[in-house]
1. Does Leu178 qualify as being assigned to a helix (DSSP H, G or I) and either closer than 20 Å to Met134 by Cα or near the ligand (Cβ under 10 Å from one of its atoms) (or both)?
2. Being surrounded by 14 or more Cβ atoms within 10 Å (Cβ to Cβ) and more than 19 Å from Gly15 (Cα to Cα) narrows it down to one residue among Ile193, Ile168; which is it?
3. Considering only residues that are under 23 Å from the mean Cα position of the chain (by Cα) and buried (at least 17 other Cβ atoms within 10 Å of the Cβ), look in segment 96-114 and name the one that is farthest from the ligand (Cβ to nearest atom).
4. Filter segment 14-35 for residues that are within 7 Å of the ligand (Cβ to nearest atom) and in contact (Cβ under 8 Å) with a residue 40 or more places away in the chain; which is nearest to Gln222 (Cα to Cα)?
5. Inside segment 218-253, can you point out the residues that are of a type in the set (A, V, I, L, M), in contact with a helix residue (DSSP H, G or I) (Cβ under 9 Å, 6 or more places away or on another chain) and more than 18 Å from Lys150 (Cβ to Cβ)?
6. Could you check segment 47-79 and list, in sequence order, the residues that are over 17 Å from the mean Cα position of the chain (by Cα), touching a residue at least 12 places away in the same chain (Cβ under 8 Å) and under 22 Å from Phe3 (Cα atoms)?
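All of the numbers you see were taken from the coordinates with simple rules; none came from a lab. This one's a predicted model, so the numbers in the text were calculated from it and none came from an experiment. All Cβ positions, even for glycine, are placed from backbone atoms using ideal geometry, and neighbour counts span all protein chains on display.
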Amino acid sequence: MRFANQVAIVTGALGGIGSAIVQALAAEGASVGLIDLDARSGAEREAALQAAGHRAKYANANVSSFDECKAAYDTISAALGGADILVNNVGISPKTQGKALRVWEMPPKEWETVVSVNLNSVFYMTHLAAPHMMDKRQGRVINMSSVAGKAYCDIVAAHYAATKAGLIGLTRHWAAELGEYDITVNALAPGRISTPLLKTVPQEINDAVTRVTALGRLGTPQEVADACLFLASAQAAFVTGQVLDVAGGWLMT
Ligand SMILES: NC(=O)c1ccc[n+]([C@@H]2O[C@H](COP(=O)([O-])OP(=O)(O)OC[C@H]3O[C@@H](n4cnc5c(N)ncnc54)[C@H](O)[C@@H]3O)[C@@H](O)[C@H]2O)c1
């Protein structure tokens, strides 16, 4: 029970990777706060976690809105307490007919939506959670980047690459700002992970990635969750400002 008496908040908590992270944190004793967009599935997930003996609270929010992030953070803090662990997991990667749009094709609205969800939300949530962590003089912030934020990756669009690279900048900057409070800030950079997000691209693209991945397969949400638990744990107390690839050796930099 590495996270007994700790509260962990996860955004994008109903998705492939988010669900695995929530389950893994709860299994190790954390009280889990879930934020996502689907109130009905969220309520069912909260009930299932509680029925399994976990402390859990779901809050619905479109994380591209600061006000909605604040309302969700306040709902979860009132039920469970402030966040000791914040996993900024939410992310979208829009495609058009399975293809990443190029600069001259991309509607500015799509660019703005991706920046809001993938990048602005991470600022909003960390801004909300940091004061509690600073008061306790401990905390963990884990940002879900991607190998596409570190290397050119032709299967995502520029908005996705830019926001995932932006998260790496935020990770280093906040690691420096928050270090004196014993708060660590790290990023995960998954490669190709088998989740619903992958269904937005044709199977041949996943097959092509597999061929150039050292371990010759896609990753699983559980493997990302395992790395997340390490960064959230006491075992990673001296690790901060880092990006941990969970990519099976795809796009090694
Ligand atoms: N799956 C991969 O191969 C892969 C690779 C690298 C990085 N990632 C990153 O991992 C994270 C999780 O990805 P996933 O594969 O589990 O995706 P997913 O699509 O399964 O889950 C994303 C979740 O975020 C929620 N969400 C989307 N927009 C939202 C919004 N505006 N407000 C609140 N919630 C919103 C969705 O409802 C969904 O539950 C993302 O940041 C993604 O970029 C995934």
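1. Judged against the criteria, Leu178 is a match.
2. After applying the criteria, what remains is Ile168.
3. The selected residue is Trp111.
4. Of everything passing the filter in segment 14-35, Ile17 is nearest to Gln222 (Cα to Cα).
5. Leu218, Ala225, Leu229, Ala232, Ala236
6. Leu49, Ala52, His54, Arg55, Ala56, Lys57, Thr75, Ile76, Ser77, Ala79
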